[in-house]
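Worksheet for the structure shown next.
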Amino acid sequence: MKIVKYNKKNSHTSKNPPSYPNEMMVKIFSSKNYSNTRIKSSSKNKVLEIGSFSGNNLRYFVENGFKTYGIEINQKLIDLGKKNLKRLNIKPPLIKIGTNTKIPFKNKFFDTLVSINTIHYNSGKEIHDALKEYKRVLKPGGVLYLETIGKKHFAFGKKINHLSYKSNLKDFRKNHIFGYFDDKTQLKKILNNYFNKVEIFEKFEKTNVSLHFYIAMCK
(Lines give C-alpha, C1' and ligand atoms only; values in the text may rest on other atoms or scores of the structure.)
Protein backbone atom coordinates (compact mmCIF):
# COMPACT_ATOMS: atom_id res chain seq x y z
CA MET A 1 0.00 0.00 0.00
CA LYS A 2 1.03 3.60 -0.54
CA ILE A 3 2.81 5.13 2.45
CA VAL A 4 1.71 8.73 3.03
CA LYS A 5 3.64 11.16 5.22
CA TYR A 6 1.40 13.35 7.34
CA ASN A 7 2.51 16.63 8.89
CA LYS A 8 1.10 19.79 10.47
CA LYS A 9 0.06 21.15 7.08
CA ASN A 10 -2.12 18.19 6.15
CA SER A 11 -3.40 16.96 9.51
CA HIS A 12 -5.66 18.40 12.19
CA THR A 13 -5.11 22.00 13.31
CA SER A 14 -7.25 24.50 15.17
CA LYS A 15 -8.33 26.02 11.86
CA ASN A 16 -9.04 22.80 10.00
CA PRO A 17 -11.22 19.73 10.67
CA PRO A 18 -9.60 16.31 11.25
CA SER A 19 -7.59 15.15 8.24
CA TYR A 20 -5.64 12.19 9.58
CA PRO A 21 -7.29 8.76 9.13
CA ASN A 22 -8.38 6.74 12.14
CA GLU A 23 -5.19 5.11 13.40
CA MET A 24 -6.62 1.73 14.39
CA MET A 25 -8.52 1.44 11.12
CA VAL A 26 -5.29 2.05 9.19
CA LYS A 27 -3.44 -0.56 11.26
CA ILE A 28 -6.09 -3.22 10.76
CA PHE A 29 -6.55 -2.54 7.05
CA SER A 30 -2.85 -2.29 6.23
CA SER A 31 -1.32 -5.13 8.27
CA LYS A 32 -2.18 -8.78 8.80
CA ASN A 33 -0.85 -8.52 12.37
CA TYR A 34 -4.03 -6.96 13.76
CA SER A 35 -6.90 -8.99 12.33
CA ASN A 36 -7.56 -12.28 10.60
CA THR A 37 -10.06 -10.55 8.30
CA ARG A 38 -8.32 -9.16 5.24
CA ILE A 39 -9.34 -6.65 2.58
CA LYS A 40 -7.56 -5.94 -0.67
CA SER A 41 -6.55 -2.50 -1.87
CA SER A 42 -8.06 -2.38 -5.33
CA SER A 43 -10.08 -0.11 -7.59
CA LYS A 44 -12.56 -3.00 -7.70
CA ASN A 45 -13.03 -2.84 -3.93
CA LYS A 46 -15.97 -0.52 -3.29
CA VAL A 47 -15.82 0.96 0.19
CA LEU A 48 -18.42 3.11 1.95
CA GLU A 49 -17.91 5.17 5.09
CA ILE A 50 -20.98 5.88 7.19
CA GLY A 51 -20.61 9.41 8.58
CA SER A 52 -17.68 10.57 6.47
CA PHE A 53 -17.52 14.03 8.15
CA SER A 54 -14.26 15.80 7.18
CA GLY A 55 -13.15 13.09 4.76
CA ASN A 56 -10.18 12.08 6.91
CA ASN A 57 -10.96 8.37 6.54
CA LEU A 58 -12.10 8.70 2.93
CA ARG A 59 -8.65 10.11 2.31
CA TYR A 60 -7.04 6.80 3.28
CA PHE A 61 -9.18 4.84 0.83
CA VAL A 62 -8.78 7.30 -2.05
CA GLU A 63 -5.00 7.38 -1.61
CA ASN A 64 -4.80 3.59 -1.53
CA GLY A 65 -6.77 2.95 -4.69
CA PHE A 66 -10.18 1.92 -3.40
CA LYS A 67 -13.41 2.86 -5.17
CA THR A 68 -14.53 5.20 -2.41
CA TYR A 69 -17.95 6.49 -1.30
CA GLY A 70 -19.32 8.28 1.75
CA ILE A 71 -22.60 9.33 3.33
CA GLU A 72 -23.44 12.15 5.76
CA ILE A 73 -26.65 13.36 7.35
CA ASN A 74 -26.87 16.69 5.52
CA GLN A 75 -25.36 18.74 2.71
CA LYS A 76 -23.51 21.05 5.08
CA LEU A 77 -21.39 18.16 6.38
CA ILE A 78 -20.89 16.82 2.86
CA ASP A 79 -19.59 20.22 1.77
CA LEU A 80 -17.27 20.35 4.78
CA GLY A 81 -15.73 17.01 3.83
CA LYS A 82 -15.32 17.94 0.18
CA LYS A 83 -13.73 21.28 1.06
CA ASN A 84 -11.26 19.61 3.41
CA LEU A 85 -10.26 16.97 0.85
CA LYS A 86 -9.73 19.65 -1.77
CA ARG A 87 -7.53 21.51 0.71
CA LEU A 88 -5.40 18.36 0.82
CA ASN A 89 -5.32 18.18 -3.00
CA ILE A 90 -7.50 15.07 -2.99
CA LYS A 91 -10.39 14.74 -5.41
CA PRO A 92 -13.50 14.12 -3.29
CA PRO A 93 -15.32 10.84 -3.95
CA LEU A 94 -19.08 10.54 -4.25
CA ILE A 95 -20.71 11.50 -0.93
CA LYS A 96 -24.49 11.27 -0.56
CA ILE A 97 -26.99 12.24 2.12
CA GLY A 98 -27.81 9.16 4.19
CA THR A 99 -27.96 7.66 7.68
CA ASN A 100 -27.25 4.41 9.48
CA THR A 101 -30.73 3.15 8.72
CA LYS A 102 -31.17 4.67 5.24
CA ILE A 103 -28.16 4.09 3.00
CA PRO A 104 -28.88 5.42 -0.52
CA PHE A 105 -27.26 2.57 -2.44
CA LYS A 106 -28.60 -0.66 -3.92
CA ASN A 107 -28.36 -4.12 -2.41
CA LYS A 108 -24.97 -5.88 -2.35
CA PHE A 109 -23.14 -2.82 -3.72
CA PHE A 110 -20.10 -2.61 -1.42
CA ASP A 111 -17.16 -4.85 -0.64
CA THR A 112 -16.25 -2.93 2.52
CA LEU A 113 -18.23 -0.75 4.92
CA VAL A 114 -16.73 1.50 7.60
CA SER A 115 -18.72 2.81 10.57
CA ILE A 116 -16.63 4.72 13.09
CA ASN A 117 -18.44 6.16 16.12
CA THR A 118 -21.68 6.56 14.23
CA ILE A 119 -23.89 3.56 15.01
CA HIS A 120 -24.45 4.65 18.62
CA TYR A 121 -26.28 7.77 17.42
CA ASN A 122 -29.18 5.36 16.98
CA SER A 123 -30.57 3.39 19.92
CA GLY A 124 -32.77 0.44 20.80
CA LYS A 125 -34.35 -1.31 17.81
CA GLU A 126 -32.68 1.16 15.45
CA ILE A 127 -29.30 -0.45 16.20
CA HIS A 128 -30.64 -3.65 14.65
CA ASP A 129 -32.16 -1.66 11.78
CA ALA A 130 -28.74 -0.13 11.12
CA LEU A 131 -26.98 -3.50 11.12
CA LYS A 132 -29.60 -4.89 8.74
CA GLU A 133 -28.96 -1.92 6.46
CA TYR A 134 -25.18 -2.44 6.65
CA LYS A 135 -25.70 -6.08 5.73
CA ARG A 136 -28.07 -5.16 2.89
CA VAL A 137 -25.57 -3.01 1.02
CA LEU A 138 -22.61 -5.36 1.55
CA LYS A 139 -21.81 -8.05 -0.97
CA PRO A 140 -21.77 -11.67 0.28
CA GLY A 141 -18.49 -12.01 2.15
CA GLY A 142 -18.14 -8.23 2.42
CA VAL A 143 -16.30 -6.73 5.39
CA LEU A 144 -17.65 -4.39 8.07
CA TYR A 145 -15.27 -2.32 10.19
CA LEU A 146 -17.23 -0.96 13.15
CA GLU A 147 -15.99 1.21 16.01
CA THR A 148 -18.14 2.44 18.89
CA ILE A 149 -17.78 3.82 22.42
CA GLY A 150 -16.92 1.34 25.19
CA LYS A 151 -18.17 1.32 28.78
CA LYS A 152 -15.00 2.93 30.19
CA HIS A 153 -15.32 5.94 27.86
CA PHE A 154 -16.03 9.21 29.66
CA ALA A 155 -19.19 9.70 27.58
CA PHE A 156 -20.68 6.35 28.57
CA GLY A 157 -23.63 7.11 30.83
CA LYS A 158 -26.65 5.59 32.57
CA LYS A 159 -28.58 2.71 30.99
CA ILE A 160 -32.24 3.39 30.23
CA ASN A 161 -33.19 0.25 28.35
CA HIS A 162 -31.79 -2.30 25.92
CA LEU A 163 -29.23 -0.49 23.73
CA SER A 164 -30.41 2.83 25.13
CA TYR A 165 -28.24 5.05 27.33
CA LYS A 166 -28.13 8.58 28.59
CA SER A 167 -24.73 10.08 27.89
CA ASN A 168 -22.30 11.88 30.17
CA LEU A 169 -21.70 14.40 27.40
CA LYS A 170 -22.45 17.99 28.41
CA ASP A 171 -22.52 19.53 24.94
CA PHE A 172 -25.33 19.79 22.39
CA ARG A 173 -25.77 15.98 22.56
CA LYS A 174 -26.51 15.85 26.29
CA ASN A 175 -30.20 14.99 25.83
CA HIS A 176 -29.64 12.50 23.02
CA ILE A 177 -30.30 8.81 23.72
CA PHE A 178 -27.34 6.73 22.56
CA GLY A 179 -27.17 3.09 21.49
CA TYR A 180 -24.19 2.04 23.59
CA PHE A 181 -23.43 -1.63 24.12
CA ASP A 182 -23.30 -3.03 27.67
CA ASP A 183 -19.95 -4.70 26.97
CA LYS A 184 -17.97 -6.34 24.16
CA THR A 185 -19.74 -9.67 24.78
CA GLN A 186 -23.10 -8.11 23.99
CA LEU A 187 -21.65 -6.40 20.93
CA LYS A 188 -20.31 -9.67 19.55
CA LYS A 189 -23.56 -11.51 20.28
CA ILE A 190 -25.60 -8.92 18.39
CA LEU A 191 -23.19 -8.80 15.45
CA ASN A 192 -23.29 -12.59 15.19
CA ASN A 193 -26.97 -12.26 14.25
CA TYR A 194 -25.90 -10.59 11.00
CA PHE A 195 -22.37 -11.79 10.24
CA ASN A 196 -20.79 -15.25 10.18
CA LYS A 197 -17.37 -14.13 11.39
CA VAL A 198 -16.92 -11.48 14.10
CA GLU A 199 -13.68 -10.34 15.73
CA ILE A 200 -13.83 -7.91 18.66
CA PHE A 201 -10.99 -5.66 19.81
CA GLU A 202 -10.65 -2.86 22.34
CA LYS A 203 -8.81 0.45 22.23
CA PHE A 204 -7.87 2.60 25.21
CA GLU A 205 -6.42 6.10 25.11
CA LYS A 206 -5.10 7.85 28.19
CA THR A 207 -5.67 11.60 28.09
CA ASN A 208 -7.27 14.03 30.53
CA VAL A 209 -10.41 11.96 30.02
CA SER A 210 -10.91 8.23 29.57
CA LEU A 211 -11.29 7.10 25.94
CA HIS A 212 -12.40 3.50 25.40
CA PHE A 213 -13.68 1.96 22.18
CA TYR A 214 -14.90 -1.41 20.94
CA ILE A 215 -13.82 -2.36 17.43
CA ALA A 216 -15.37 -5.13 15.35
CA MET A 217 -14.25 -6.75 12.10
CA CYS A 218 -17.16 -8.65 10.59
CA LYS A 219 -17.56 -10.78 7.50
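The values are calculated or read from the model by the stated rules, or taken from the named source; none is laboratory data. Here the structure is a predicted model, which means the values were calculated and not measured. FYI the Cβ positions are ideal-geometry reconstructions off the backbone, even for glycines, and counts take in every protein chain you see.
Okay, here's what the table says:
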{"item": "Strands (runs of 3 or more DSSP E) (entirely within region 113-219) containing at least 2 residues that are in contact (Cβ under 8 Å) with a residue 60 or more places away in the chain and closer than 23 Å to N56 by Cβ", "result": "138-149, 198-206, 210-218"}
{"item": "Residues being under 18 Å from N117 (Cα atoms), part of a loop (DSSP other than H, G, I, E, B) and among the hydroxyl-bearing types (S, T, Y) - total across region 39-90", "result": "2"}
{"item": "Region 108-127 - residue that is within 13 Å of A216 (Cα to Cα) and surrounded by fewer than 22 Cβ atoms within 10 Å (Cβ to Cβ) and, of those, farthest from the chain's Cα centre (by Cα)", "result": "N117"}
{"item": "Of all residues in region 67-92 being touching a residue at least 12 places away in the same chain (Cβ under 8 Å) and of a type in the set (S, T, N, Q), the one that is nearest to K40 (Cα to Cα)", "result": "T68"}
{"item": "From the options K86, K108, K32, residue that is of a type outside the set (A, V, I, L, M), touching a Pro at 6+ places or on another chain (Cβ under 9 Å) and more than 23 Å from V137 (Cα to Cα)", "result": "K86"}
{"item": "Flag for R136 being modelled with pLDDT under 95 and charged (D, E, K, R)", "result": "no"}
{"item": "In region 72-107, residue surrounded by the most Cβ atoms within 10 Å (Cβ to Cβ) [restricted to those that are among the polar types (S, T, N, Q) and out of contact with any Phe, Trp or Tyr (no Cβ under 8 Å at 6 or more places or on another chain)]", "result": "N84"}
{"item": "Number of positions in region 80-94 that are over 16 Å from P18 (Cβ atoms) and modelled with pLDDT of 95 or more", "result": "3"}
{"item": "Residue match in region 18-36 (condition: aromatic (F, W, Y), touching a residue at least 24 places away in the same chain (Cβ under 8 Å) and part of a helix (DSSP H, G or I))", "result": "yes"}
